[in-house]
Amino acid sequence: MSSTQTSQTPQMVSLFTDDFARIGSNALQQFYDQGQVISRAILDWNAEVGRFVTQRLARTADAIGRLGTCESPPDIISVEAKWLQEAVSDYLNEVSTLAVMNTRIVSSFGERLDQGRKTRSSQ
């Protein structure tokens with residue numbers, strides 16, 4: 001092996017390991033960022049579901065309380081009808097709210113993937 005080949009080998013290895021370290025660091029940072037997005041999304045999702053369940057329990061308790069004051073079958077039917085209308089409305093609104101949250105989560109992942117692709121292609 002000539003002295004030129006021997007002196008170039010450490011430089012080539014150094015270039016390779018530097019590139020590998022940079023790529024690994026970028027991948028680790030992207031993984032960390034995605035983990036932060038996922039964690040935040042789970043926290044937001046859980047908070048929303050908790051809020052909804054609390055609201056529905058309160059409305060159901062209220063309806064049960066109103067049933068106790070009913071004096072006739074038409075009063076009972078009226079209370080139940082109102083409770084059912086509120087429940088349907090609340091559930092439809094909650095489906096819409098959770099769909100918007102899902103859209104934001106998916107969009108966020110798409111943006112992160114695009115950023116990662118751009119970062120890799122510029123290197």
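From R59, R51, which residue is within 23 Å of T103 (Cβ to Cβ) and at pLDDT 95 or above? Don't jump to the end; show me each part of the working.
Details: R59 fails: within 23 Å of T103 (Cβ to Cβ).
None of the other options fit; the residue is R51.
If you go through the range 53-85, how many residues are more than 33 Å from the chain's Cα centre (by Cα) and among the hydrophobic types (A, V, I, L, M, F, W, C)? Lay out the reasoning, then the answer.
At the first step, the residues of the range 53-85 found to be more than 33 Å from the chain's Cα centre (by Cα) are 63-82.
Then keep just the ones that are among the hydrophobic types (A, V, I, L, M, F, W, C); that gives 63-64, 67, 70, 76-77, 79, 81.
Of the residues in that region, 8 qualify.
Within the group Q5, Q29, which residue is modelled with pLDDT under 95, under 35 Å from the mean Cα position of the chain (by Cα) and either surrounded by fewer than 10 Cβ atoms within 10 Å (Cβ to Cβ) or over 25 Å from V100 (Cβ atoms) (or both)?
Q29
Quick check on this structure: which one of A87, A41 is closer than 30 Å to T103 by Cα and at pLDDT 95 or above? Can you show your working first?
Values: A41 fails: at pLDDT 95 or above.
A87 is the lone residue from the list that is closer than 30 Å to T103 by Cα and at pLDDT 95 or above.
Against the definition (surrounded by fewer than 10 Cβ atoms within 10 Å (Cβ to Cβ), modelled with pLDDT under 95 and not basic (K, R)), how does Q115 come out, yes or no? Walk me through it before giving the result.
Details: surrounded by fewer than 10 Cβ atoms within 10 Å (Cβ to Cβ): no; modelled with pLDDT under 95: yes; not basic (K, R): yes.
Answer is no for this residue.
Quick check on my filter: what residues within the range 34-53 are surrounded by 14 or more Cβ atoms within 10 Å (Cβ to Cβ) and either not β-branched (V, I, T) or not in a helix (DSSP H, G or I) (or both)?
Q34, A41, W45, E48, F52
Within the set of pairs 6 or more residues apart or between chains, which connect a residue that is farther than 22 Å from Y91 by Cβ and outside any helix (DSSP H, G or I) inside the range 54-78 to a residue that is among the hydrophobic types (A, V, I, L, M, F, W, C) and modelled with pLDDT of 95 or more with Cβ atoms less than 8 Å apart?
C70/I76; C70/V79
The values are calculated or read from the model by the stated rules, or taken from the named source; none is laboratory data. The model shown is predicted, which means the values in this text are computed figures rather than measured ones. Using ideal geometry, Cβ is built from the backbone for each residue, glycine included, and neighbour counts are taken over all protein chains shown.
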